[in-house]
1. Does residue 124 satisfy the criteria of being without any contact (Cβ under 8 Å) to a residue 12 or more places away in the chain and in contact with a strand residue (DSSP E or B) (Cβ under 9 Å, 6 or more places away or on another chain)?
2. Restricting to the range 98-114, count the residues that are in contact with a strand residue (DSSP E or B) (Cβ under 6 Å, 6 or more places away or on another chain) and modelled with pLDDT of 90 or more.
3. Mind listing just one residue for me: the one in the range 14-55 that is over 28 Å from residue 118 (Cα atoms) and surrounded by 13 or more Cβ atoms within 10 Å (Cβ to Cβ) and, of those, modelled with the highest pLDDT?
4. Run residue 83 past the list (1) farther than 17 Å from residue 12 by Cα; (2) in contact (Cβ under 8 Å) with a residue 60 or more places away in the chain and report the number of the one that doesn't hold.
C-alpha cells in the first residue's frame with residue numbers, strides 16, 4: 001500500500017538544519033512520498049524585489065539537507081514567496097532542488113503549470129499547485145518565470 005504525506009509550509013530561515021521530532025520522523029519514514037510547500041527561494045546573493053508588500057523570505061542551501069533527512073521528495077513551489085528574489089532567485093532555487101520533484105513554478109508558463117507525475121508503487125499520481133496572485137506570475141506569457149495562477153483563464157474549473 002502507498003502512503004503519501006502532504007505538509008504545509010517548509011521554511012528554514014537560518015543556516016542550521018531544523019530539528020524534527022522522532023515521532024514525526026517515524027511517521028515520515030512510513031511514507032512512499034512526502035510533499036510540502038517550499039515557502040521561499042534558496043538564494044545566495046540576489047537583491048529582493050523592492051515592490052513587494054509583506055515579509056521577504058529566503059533560505060540557504062542547508063535546507064536541502066533538512067528536506068533529505070525528513071524524506072521529502074516532492075515540493076510545491078506555487079506560493080507568495082517563491083519569487084521574492086525575482087527571476088534569478090527562482091532559477092537558483094530550481095537548480096538547487098534538481099533532485100526533488102518540483103511543481104507550481106518555473107522559468108516559463110508551461111513549466112509553472114505543468115503537472116508533476118510520479119509513479120508510486122505502480123500507481124500514477126499527479127500533483128498540481130497554483131497560487132492566488134503573487135509577484136512574478138507567468139500568465140500565458142511563455143517566456144516569463146513565475147507561479148501558476150489559480151484564476152488564469154487556462155485553468156479548468158468546471159469538473
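1. Considered against the rule, which asks whether it is without any contact (Cβ under 8 Å) to a residue 12 or more places away in the chain and in contact with a strand residue (DSSP E or B) (Cβ under 9 Å, 6 or more places away or on another chain), residue 124 comes out as yes.
2. Residues that pass the stated criteria total 6.
3. 48
4. For residue 83, the exception is condition (1).
The values are calculated or read from the model by the stated rules, or taken from the named source; none is laboratory data. Given the structure is predicted, the values throughout are model-derived calculations rather than measurements. Ideal geometry is used to build each Cβ from the backbone, glycine not excepted, and the neighbour counts take in all protein chains shown.
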